[in-house]
Structure formats: C-alpha cells, structure tokens
Amino acid sequence: MPEIDRLVMKFGGTSIGTGKRIRGVAEIVRRNRAPETVVVTSAMAGVTNGLVEMANTVVKGIAEEEIRGFVGDIREKHLATIEEAVSQDHRELGIVEVERLCMELEKVLVGVSYVGELTPRSLDYIMSFGERLSAPIVSGALNSLGIRSRWFTGLEAGIVTDSNFGKAQPLWKIANKRIKKVLTPEMRNGIPVVTGFVAGDGEGRITTLSRGGSDYTAAILGAALEAEEIWIWTDVDGMMTTDPKLVKEARIIKEISYIEAMELAYFGAKVLHPKTIEPAMEKGIPVRVRNTFNPANPGTLIVRKQDKIRETVKAITVMENLVLLTISGVGMIGVPGVAAKVFGALAEAKVNILMISQGSSEVNISLVIARSDLERAVETIKREFVTKNVVREVQYNPEVAAVAIVGAGMQGTKGVAARVFTAVAEADVNVLMIAQGSSEVNISFVVGRKDAKTVAKALHDEFVMGK
Ligand code: ADP
Ligand code: ASP
Ligand code: MG
C-alpha cells in the first residue's frame with residue numbers, strides 16, 4: 001500500500017453491524033490512518049430498511065404503542081452497541097445523542113401517522129436516523145483507542161445538496177468550500193466521522209443521496225478535500241467478477257478502470273453506489289474497495305486506466321426489480337420524434353430509463369425502468385399518448401432482470417456478442433430485449449427474473465472460468 005497523506009475511508013452497514021465489529025473498524029482505522037483522515041459511516045446493518053418499513057407502516061396510521069416499541073428496540077440496539085464498542089470514559093456523549101435522537105424519531109413517526117402522508121422529504125428525515133445514530137458510536141470507538149474524534153452529519157460536514165429528496169445532488173460550489181472549511185481543521189486535530197448517505201439542502205432540511213449512498217458521500221468528501229485515495233470498506237474482498245451471493249465462483253478483480261467500475265455499479269454491482277466514481281474520476285483519485293473482515297487482502301484498485309488489460313470481460317452483473325415496458329401503436333409509424341417525446345415525458349415524470357430498444361418496424365418501443373417507477377411511467381404514457389391516440393397501448397412485464405457484461409477489453413474485440421448470446425441460448429434462456437446504444441464497454445440485455453442467476457452463471461463460466 002502506498003504512503004498516503006490524506007485519506008477518506010467509508011465503512012458499510014455490515015462492517016459496523018455489531019459493537020464488536022465497530023471495535024474492529026476502529027482498529028482498522030488506527031492501523032491504516034493517514035496523517036489526515038476522514039471516516040464515513042453507514043447505518044448499522046438493517047437499520048435503514050427498518051426505518052423505511054416503519055415509515056411505510058405508520059403512514060397507514062398505527063397505534064403509538066407500536067411506534068414506541070419500534071423506537072425502543074432501536075434505542076436498545078444502539079445503547080447496547082455503545083456498551084460493546086466504546087470504553088466507559090467515552091460513552092457519555094454517544095448515550096446522550098442516542099437518547100435525544102430516539103425521542104426525535106418517535107415524534108416524527110407519530111407525526112407521520114397522524115398526518116397520514118409520507119412525503120419524500122419526511123422519508124429522508126426518517127431514513128437519516130440510521131447514520132445519525134451510528135456515527136456517534138464509531139466516533140466513540142475511535143476515542144476509545146486514543147484517537148480524537150468528533151462526528152458530523154453530512155450537512156454539518158458541508159455537503160449541501162439540492163432539494164431533490166431521496167436522490168439529492170451536491171451543490172458542488174458551495175459544498176466544496178464548506179467541506180474544506182469544516183473538515184480541514186478537524187482532520188488536523190483527529191479523525192472526524194461523517195454520516196454517509198445523509199446531507200441537507202440550502203435551507204438546512206435533511207436530504208439523502210439515494211439508497212446505498214454512503215459510498216457517494218465518501219467520494220464527495222474525497223473529491224472536495226482532494227484526498228489521495230478513497231477507500232470503501234465493505235463485506236467482500238473487493239469488486240468481483242460477479243455477485244458472490246449469486247455465483248459462488250466469483251473472483252476478485254485486482255484492478256479496474258473508472259469507466260468499467262461505473263458501468264458495473266450502474267448495472268447492479270451493489271458493492272459500489274453508481275455515483276461514487278464520478279467525483280473521484282474528475283479529480284483522478286484512486287478508489288479502493290476492501291474487506292473489513294479480511295483486511296490483509298489489498299482489495300480492488302479503481303483507477304483511470306488499467307496498466308495492461310488481459311481480460312475481454314471483467315464482470316457480469318444482474319440488476320433486479322426492473323420492469324420491461326412495451327409501448328406499441330400504429331400511430332408511431334412515420335411520425336417523427338414519438339420516441340423522443342415519450343422519453344421527454346417520462347423524464348419530466350422523473351422516471352429513470354435504464355435501457356431502450358426500438359424495433360426496426362417502428363411499431364414498438366421497449367424500455368426498462370425500475371419497478372418503483374412503474375406506476376408513474378404507465379400513468380404518464382397513458383395520459384400523454386394513449387388517450388391522444390399517439391400510441392395504442394402500453395404493456396409491461398414486472399418479472400424481469402437485466403444482465404450486463406462489462407469490460408473495456410471488449411472494445412474492438414470481435415465476436416463477444418456472439419459468444420454471449422450463444423452461452424445464453426445454451427443455458428436455454430430466452431432473451432426478452434437487447435439494449436440499444438450500449439457503451440463499448442458493456443453489453444446488456446433483459447431476461448425473466450427467474451433466469452437471471454442461470455445466465456450469470458453461464459456467462460461467468462464462459463468468460464471468467466473458461467479463460
Ligand atoms: P456495504 O454495506 O458495505 O455498503 P453492500 O451490501 O452495499 O455493502 O455491498 C456489498 C455487497 O455487494 C456484497 O456483499 C455482494 O453481495 C454485493 N455485490 C454485488 N455485485 C458484486 C460484485 N460484482 N462484486 C462484489 N460484490 C458484489
Ligand atoms: N444506510 C443507507 C442505506 O441503507 C446508505 C448506505 O448504507 O450506504 O441505503
Ligand atoms: Mg452499500
């Protein structure tokens with residue numbers, strides 16, 4: 001590992017899943033710290049999901065007693081974790097904060113249950129408790145090792161975002177300045193701990209950077225502080241040739257380019273939030289993905305350009321919870337710009353289109369979107385196009401997955417697509433759609449959800465194991 005002067009390290013939910021693990025994380029920080037270091041932390045494993053679930057339950061109106069029970073469990077979990085992770089003389093601050101936050105959380109949940117409405121803004125507020133509860137504990141664990149540490153919410157650390165709740169974007173100009181101003185003196189005095197995922201808008205309202213966004217927080221801070229490296233500590237050895245939970249033969253990728261890592265993340269490799277690479281790439285900061293449970297392993301290094309590219313295909317990803325929308329209609333034939341209008345209307349409705357394909361007959365357009373966008377998409381298309389007879393109908397298949405193979409070595413290599421689709425056919429799987437305009441570093445296509453694992457395994461055998 002090279003000598004580093006300034007380092008941002010992020011720890012994921014499983015890595016801080018228990019008090020014992022948090023002690024391990026503090027030890028990792030102690031051993032790997034640079035002269036200037038910032039730590040970013042996720043919520044403890046399962047907490048964000050629990051908060052989301054509870055928010056969706058209380059909005060239907062439930063007894064205050066149930067809310068009290070839920071918050072009581074959260075409180076106990078975090079207090080017990082403090083006891084396990086933080087030495088006695090450093091517990092006070094954390095305990096006070098956990099008590100304070102739990103009272104606040106109870107009030108918010110009761111409020112939502114009375115109002116009966118869960119806006120994106122209140123959901124962000126509720127989700128933020130996960131990281132706000134864990135950061136004081138991680139900070140306390142560092143103090144227990146004699147490392148001076150204070151904790152900050154993302155907003156306190158200077159991450160000012162727009163007000164796009166649930167998917168906020170930094171206002172880079174202000175954020176860069178504030179982050180430097182807040183964290184520079186703090187890094188000189190000790191190791192600040194910043195809540196991942198959680199930030200705030202110009203009016204001080206809490207925002208979040210979208211699920212899994214703690215990685216992005218690390219990259220935002222790394223870029224603003226011009227860190228020499230950004231390390232993402234997680235629960236696997238690095239970026240792997242496919243999701244090890246799906247295909248057990250998955251291997252670690254030692255080195256990968258920004259572009260490839262970005263494509264992998266975008267097409268479902270959960271190990272890295274898709275937005276993480278952009279700020280790092282802009283500043284040319286290498287990103288490392290490492291395993292908290294196996295710190296001896298150097299992990300994956302993500303850099304601008306890999307030294308020597310040996311493999312054509314780096315990895316295979318699977319993206320789930322998708323819907324294949326098919327828009328069909330005679331009205332589209334010969335009418336220029338219908339596709340563009342459809343994409344425009346969907347963009348306006350904030351529907352993110354992941355893949356596109358248009359048949360040469362012009363009668364159909366197929367789109368892949370997230371299942372969470374389905375209602376909005378169908379409603380928009382019906383309202384804007386079906387009722388106006390521009391398109392005949394919109395159909396959808398909610399049981400699909402997208403599979404992508406990623407590798408910069410595919411550029412200029414002939415016959416990759418043929419190998420891909422032969423392997424898929426030999427696995428006896430039907431391809432529902434092939435994306436148009438894939439970048440030269442990926443080929444992506446859609447299959448039935450139940451076939452995704454089979455396809456991933458078949459492609460992994462063909463391109464990774466077969467080599
Ligand atoms: P964290 O809580 O540390 O942010 P995540 O659960 O968000 O961790 O991401 C790590 C998980 O990503 C791994 O446990 C693994 O199952 C999954 N994953 C999916 N695709 C890949 C891949 N190509 N390489 C490594 N991990 C992957
Ligand atoms: N806690 C947040 C989530 O579960 C952010 C993260 O873990 O990166 O989505
Ligand atoms: Mg994650």
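Here, each number is a calculation from the coordinates, and none is a lab measurement. Values in this document were obtained by computation on a predicted structure and should not be read as measured data. With ideal geometry, Cβ positions are generated from the backbone for all residues, glycine too; neighbour counts draw on all protein chains shown.
Just flag the GluC sites (Glu not before Pro) in region 135-236 sitting in loop per DSSP whose Cβ has no more than 14 other Cβ atoms within 10 Å.
On the way: sites: GLU156, GLU186, GLU203, GLU226, GLU228, GLU229; in loops: GLU156, GLU203, GLU226, GLU228.
Qualifying residues, ordered by number: GLU203, GLU226.
Go ahead and run the numbers for FRET between LYS177 and TYR114, Cβ-Cβ distance against an R0 of 51 Å, rounding to 0.05.
Once rounded, the FRET efficiency stands at 0.80.
Around the amide H of ILE253, modelled in the peptide plane, lie the amide H atoms of MET239, MET240, THR241, all under 5 Å away and 5 or more residues distant in sequence or on another chain.
Quick one: work out the % antiparallel among DSSP beta bridges in the chain, nearest 5.
DSSP beta bridges in the chain are roughly 60 percent antiparallel.
Rounded to the nearest Hz, the phi-derived 3J(HN,Hα) couplings of region 102-111 under the Karplus curve 6.51 cos²θ - 1.76 cosθ + 1.60 (θ = phi - 60°) are 5, 5, 4, 4, 4, 5, 4, 5, 4, x, where x marks glycine and proline. Phi angles across region 187-199 convert, under the Karplus curve 6.51 cos²θ - 1.76 cosθ + 1.60 with θ = phi - 60°, into 3J(HN,Hα) values of 5, 6, 8, x, 10, x, 10, 10, 5, x, 6, 9, 9 Hz, Gly and Pro given as x.
Annotation: amide H-H contacts under 5 Å for VAL160 (H modelled 1.01 Å from N, sequence separation of 5 or more, or interchain): LEU171, ALA175.
For the pairs LYS167/LYS453; LYS248/LYS457; LYS180/LYS275; LYS414/LYS450; LYS167/LYS350, flag any whose C-alpha to C-alpha distance is greater than 19 Å. Walk me through the numbers before you get to the answer.
Values: LYS167/LYS453 29 Å; LYS248/LYS457 9 Å; LYS180/LYS275 21 Å; LYS414/LYS450 30 Å; LYS167/LYS350 11 Å.
LYS167/LYS453; LYS180/LYS275; LYS414/LYS450, as the Cα separations exceed 19 Å there.
Here LYS177, LYS167, LYS248 are placed in order of increasing Cβ neighbour count within 10 Å, fewest first, which gives LYS248, LYS177, LYS167.
Work out the FRET efficiency for MET465 and ALA417 from their Cβ-Cβ distance, taking R0 = 25 Å, and round it to the nearest 0.05. Don't jump to the answer; show the numbers that get you there.
Working: r = 20 Å, r/R0 = 0.78.
Result of the calculation: an efficiency of 0.80.
Using the Karplus relation 6.51 cos²θ - 1.76 cosθ + 1.60 with θ = phi - 60°, the per-residue 3J(HN,Hα) values for region 220-227 come to 4, 5, x, 5, 5, 8, 6, 5 Hz, with x marking Gly and Pro. When the Cα atoms of the chain are aligned to their principal axes, the ranges along those axes come out at 72, 57, 40 Å in descending order.
Tell me, ASP5, ASP215 in order of fewest to most beta-carbon neighbours within 10 Å? Could you put the intermediate results ahead of the total?
On the way: ASP5 11, ASP215 29.
Placing the least packed residue first, the sequence is ASP5, ASP215.
Restricting the trypsin sites (Lys or Arg not before Pro) of region 54-106 to loop positions (DSSP other than H, G, I, E, B) with no more than 10 neighbouring Cβ atoms within 10 Å leaves LYS60. Taken along the Cα-to-beta-carbon direction at a fixed 7 Å, the label points for LYS60 and GLU92 span 4.5 nm. Per residue, the average separation of C-alpha pairs within less than 8 Å and at least 6 apart gives the chain a relative contact order of 13 percent. For GLY154, the residues whose amide H sits under 5 Å from its own are THR195, VAL198, ignoring neighbours fewer than 5 places away on the same chain, with H placed 1.01 Å from N.
A DSSP coil position with no more than 13 other Cβ atoms inside 10 Å describes the following trypsin sites (Lys or Arg not before Pro) in region 345-430: LYS350, LYS388, LYS414.
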